[in-house]
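Worksheet: one structure, shown below.
The values are calculated or read from the model by the stated rules, or taken from the named source; none is laboratory data. Note that the structure is a prediction, hence the values are computed from the model and not measured. Using ideal geometry, Cβ is built from the backbone for each residue, glycine included, and neighbour counts are taken over all protein chains shown. Just so you know, the surface numbers come from the protein's heavy atoms only, side chains and all, with ligands and any DNA or RNA stripped out. Shrake-Rupley method; radii C 1.70, N 1.55, O 1.52, S 1.80 Å.
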Amino acid sequence: MRLVLLGAPGSGKGTQAARLKEHLQVPHISTGDLLRAEVAAGSPLGLQAKQVMARGDLVSDDILLGMLRDRFSRDDTRAGFILDGYPRNLAQAAALDKLLAELGQAFDAAVQLTVDNEQIIERLAGRAKAEGRADDTPESVRHRLNVYDQQTAPVIDFYRQHGQLTVVDGVGSLDEVFTRILEAIQPGHEVG
Ligand code: B4P
């Protein structure tokens, strides 16, 4: 199974991807996690990304594509993947299509998790308390939501127009949302 998870910051992409990974037995590729690992390692790329991420802006398309290319060069992605956090703008959507075509692959579904902004702000305030992530400050969250509306929402429209979009209600318990995603991507299959 090859899945692309879409949705605003705090919509539950990372949370659900971790569960889907176990269920589908395919790797979870989170561009946010890849970037945070670079920041934690203090690599040149991480140093470049750190401030951009803390502000809630998007890191450059070139850096992201390089990271993604590198990750997809590993054998474990051949059987499938859950891509979380990419693409975040139309240029990245085009780059993903090109990369997958080069690899002779195509994704099965782009799943959008929908959650209203009020609930997103509440969730990320909760994570700020629990984890202290630099980009979960109220100011950065507001900015990330604007960036999402301006740059990522067009990606959703693009996949919708191409008949590749599956919309899933992201509000509810973790189990409820997980079940909805499985029903959407594997209609008729037992969730178990
Ligand atoms: P990401 O790591 O992708 O962060 P995110 O959008 O906040 O989503 P995340 O997956 O972590 O959170 P989730 O919704 O699961 O990106 C961080 C930054 O990295 C970006 O701002 C950007 O700077 C950079 N970046 C990443 N990808 C990039 C790209 N392609 N191009 C350029 N830059 C890029 O969970 C949020 C919270 O909600 C959690 O606390 C969770 O416990 C809670 N939650 C989840 N589901 C819930 C539910 N059903 N009910 C209640 N709470 C729930």
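Output yes when any residue across the stretch 13-29 is within 10 Å of the ligand (Cβ to nearest atom), open to solvent by 40 Å² or more (accessible area, probe 1.4 Å) and farther than 25 Å from GLY126 by Cα, and no when none is. No.
GLN186 passes every criterion in (1) away from the ligand (no atom under 16 Å from the Cβ); (2) within 28 Å of ASP57 (Cα to Cα) apart from (2). Of all residues in the stretch 53-75, those that are part of a helix (DSSP H, G or I) and closer than 22 Å to VAL141 by Cα total 5. Among the residues of the stretch 120-160, those that are among the polar types (S, T, N, Q) and free of Cβ contacts under 8 Å to residues at least 60 places away in the same chain comprise THR137, ASN146, GLN150. Restricting attention to the stretch 17-35, the residues that are touching a residue at least 12 places away in the same chain (Cβ under 8 Å) and closer than 23 Å to ASP135 by Cα add up to 9.
Among residues of the stretch 113-124 being closer than 18 Å to LYS13 by Cβ and in a helix (DSSP H, G or I), the one that is nearest to the ligand (Cβ to nearest atom) is ARG123.
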